[in-house]
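Take a look at the structure set out below.
The values are calculated or read from the model by the stated rules, or taken from the named source; none is laboratory data. Remember, it's a predicted structure, so these values are computed and weren't measured experimentally. As a convention, Cβ positions derive from the backbone with ideal geometry for all residues, glycine included, and neighbour counts pool all protein chains shown. The area values use the complete protein model at the heavy-atom level, side chains included, leaving out ligands, DNA and RNA. Shrake-Rupley method; radii C 1.70, N 1.55, O 1.52, S 1.80 Å.
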Amino acid sequence: MGESGSGKTTSMRKLNPDSTFYIDCDEKGLAWKGWRQQYNAEKKNYYRTRNLPKISTLLLKVSKEQPQFKTVVIDTLNTCMVDKEVKSMTEKGYDKWIDLTQYVWDVIGTASGLRDDLTVIIVMHSETVRDDMGYSFTRIKTNGRKLEKVILESLFGTVLLAKRTDDGKYVFETQSKNSTAKSPMGAFESFEIDTDILAVLEALNEF
């Protein structure tokens, strides 16, 4: 998770495109030079969609029919939430929020039930909230109160917070008292690491 421009997408740059399936929910392309040669329709490793049920279907297809892929990236899930919310603006009542919660829950649930050698990376935006005492806390940004009650972070074993430090360096926070960032004990040598998702996956594979 992280704010816009914090290096979330760029952190995927070292993933092997031959074994990575990229779902581009933002539909704006990736964030490094030459990505179009790595991810495209010809290689069948790149798909643009904001439709949450479609993403669940894609995950199942990759898991069952495309064993060459070992990593799936969903970037970013928040765009799908906003897309569903905007398209449901004319609907009345709370049903639209129930549908949104169910769709997001299904995507995450589907991701957790795929074949053992397939890793799903879900990229999301973050938000920092402050209470009346001035205490700030950063968490995954969600749409609707029902998703806030779910606490999406609780569904993941690892949550990394992407951020740009005061000296201009891009890092992942692996744990923090002021955010929901978390990681397995001993997986990383520092609470701040480089924004290299390949190195992250290699460290997590030891667990």
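Explain nothing, just the number: relative contact order of the chain, from Cα pairs under 8 Å at least 6 residues apart, as a whole percent.
The normalised contact order for the chain reaches 24 percent.
Along the range 18-27, what does the Karplus equation 6.51 cos²θ - 1.76 cosθ + 1.60 (θ = phi - 60°) give for ³J(HN,Hα), rounded to whole Hz, x for Gly and Pro?
The phi angles translate into 6, 10, 10, 10, 10, 9, 8, 6, 6, 6 Hz.
Near K54, which lysines are there with a Cα under 18 Å away, not counting those fewer than 8 places off in the same chain?
K54 reaches K44, K64, K84, K87, K96.
Quote the accessible area belonging to T165 in square angstrom, nearest 10, computed with a 1.4 Å probe and with ligands, DNA and RNA left uncounted.
The accessible area comes out at roughly 30 Å².
How large is the accessible surface per residue of the range 1-145, computed with a 1.4 Å probe and reported in Å² as a whole number? Could you put the intermediate results ahead of the total?
On the way: 8020 Å² over 145 residues.
Per-residue value: 55 Å².
So what does log10 I(q)/I(0) come out to for the range 96-154 at q = 0.13, 0.17, 0.28 Å⁻¹, using the Debye formula with one equal point on every Cα and no solvent?
Normalising to I(0) and taking log10 leaves -0.44, -0.69, -1.22.
Could you sort Y47, Y39 by their accessible area in this structure, using a 1.4 Å probe and putting the largest first?
Output order, biggest surface exposure first: Y47, Y39.
Among rounded, prolate and oblate, which fits the range 31-155 when a ≥ b ≥ c are the square roots of the eigenvalues of its C-alpha gyration tensor, a/c under 1.5 means rounded, and a/b larger than b/c means prolate?
The shape class here is prolate.
Give the relative contact order (percent, whole number) for the range 1-74; include only Cα pairs under 8 Å separated by 6+ residues.
41 percent
List the extent of the Cα atoms of the range 114-207 along each of their three principal axes, largest first, rounded to whole Å.
That gives 43, 36, 21 Å along the principal axes, largest extent first.
Among R130, R145, R115, which one shows the biggest mean-square fluctuation in a GNM of the chain, springs joining Cα atoms closer than 10 Å?
Of R130, R145, R115, the Gaussian network model singles out R130 as fluctuating most.
Quick check for me: using +1 on Lys/Arg Cβ and -1 on Asp/Glu Cβ, what's the dipole size of the chain about its Cα centre, in debye to the nearest 20?
For this selection, approximately 600 debye.
Mean-square fluctuation check for the chain, GNM, Cα pairs under 10 Å: which of T128, T138, T119 is largest?
Largest GNM mean-square fluctuation: T128.
Rounded, prolate or oblate for the range 26-95? Axes are the square roots of the Cα gyration tensor eigenvalues, ordered a ≥ b ≥ c, and the cut-off for rounded is a/c under 1.5.
Since a/c reaches 1.5 but b/c is at least a/b, the shape of the range 26-95 is classed as oblate.
With Cβ to Cβ distances under 10 Å as the rule, what net charge do the other residues near T138 carry (K, R +1; D, E -1)? The partial results should precede the final answer.
Values: positive: R139, K141, K163; negative: E3, E127, E173.
The answer is 0.
Measure off, as a whole percent, the carbon and sulfur share of the 1.4 Å-probe accessible area of the range 1-64, all protein chains present.
The computed percentage sits at 45.
Can you give the calculated 222 nm mean residue ellipticity of the chain, where each DSSP H run of n ≥ 4 adds -39,500 (n - 2.57) and the sum is split over every residue, rounded to the nearest 500 deg cm²/dmol?
Mean residue ellipticity, 222 nm, calculated: -8500 deg cm²/dmol.
Along the charge dipole of the chain, pointing to its positive end and built from +1/-1 on Cβ of Lys, Arg, Asp and Glu, which listed residue (T110, T57, I74) has its Cα farthest out?
T57
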